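Okay, so here's the structure we're looking at.
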Amino acid sequence: MIREIVQIGDPVLRKVCSPVSKFDGELCKLLDDMKDTLKDAEGAGLAAPQVGVPVRAVAVDVEEGYFEFINPVFVWQKGEQTGPEGCLSVRGKSGTVRRPDKVKIIFQDRKGDKFSLVARGFFARAVCHELDHLDGVIYTDKAENIRSEEE
Ligand code: CO
């Protein structure tokens, strides 16, 4: 089911999200809905607070595949990249953001099993952007400039 994507200005986007503690049907429904919503919006990533649920769950849809990260935590961040970024919660805008070039995270899947993953390049950028959402941070807080895409 496609859910409505919350837009900047809504306080839910500024919350420090709670860890997921129950790996149950409700979590599966949230993750299934996030997948439908992200595919429909054709974005690279979506965090649970963007559909109004302030818990530590994100989805990333990149060349490397479709990923769900529950309770993700950085192990390390290396290097630097600077490039354009947008957000489904900041419609019609993009900005230049500096991010690490390579990151390692640990996370759980929807069953609660623990994994680690290394992401590089655009994948690393998407992971950083989505993890920021879990702490109430939006890329516009970090962007060097914000452009309107319609102009
Ligand atoms: Co975003």
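Some points to look at:
- Amide N proximity, segment 122-151 versus residue 2 label position 7 Å along Cα-to-Cβ, cut-off under 11 Å: none
- Taking 0.36 nm per residue of separation and subtracting the current Cα-Cα distance, fully stretching the chain between residue 102 and residue 23 would add 25.6 nm.
- By average C-beta atoms within 10 angstrom, highest first, the peptides 132-140, 34-42: 132-140, 34-42
- Theoretical ellipticity at 222 nm over the chain - DSSP helices of four or more residues, -39500 (n - 2.57) apiece, nearest 500: -6500 deg cm²/dmol
- Sites matching trypsin sites (Lys or Arg not before Pro) across segment 42-151 that sit in DSSP coil, with at most 13 neighbouring C-beta atoms within 10 Å: 111
- Sorted fewest first by neighbouring Cβ atoms within 10 angstrom, 82, 96 come out as 82, 96.
- Relative to the Cα centre, the charge distribution of the chain, modelled as +1 at Lys and Arg Cβ and -1 at Asp and Glu Cβ, gives a dipole magnitude of about 560 debye.
- Exposure proxy ranking, count of Cβ atoms within 10 Å, fewest first, for 85, 63: 63, 85
- With distances taken between every two different alpha-carbon atoms, segment 24-151 has a Kirkwood hydrodynamic radius of 14.8 Å.
No value in this document is a laboratory result; all are computed from the given coordinates. Computed from a predicted model, the values in this text were never measured in an experiment. Note: ideal-geometry Cβ built from the backbone for every residue, glycine included; neighbour counts use all protein chains shown.
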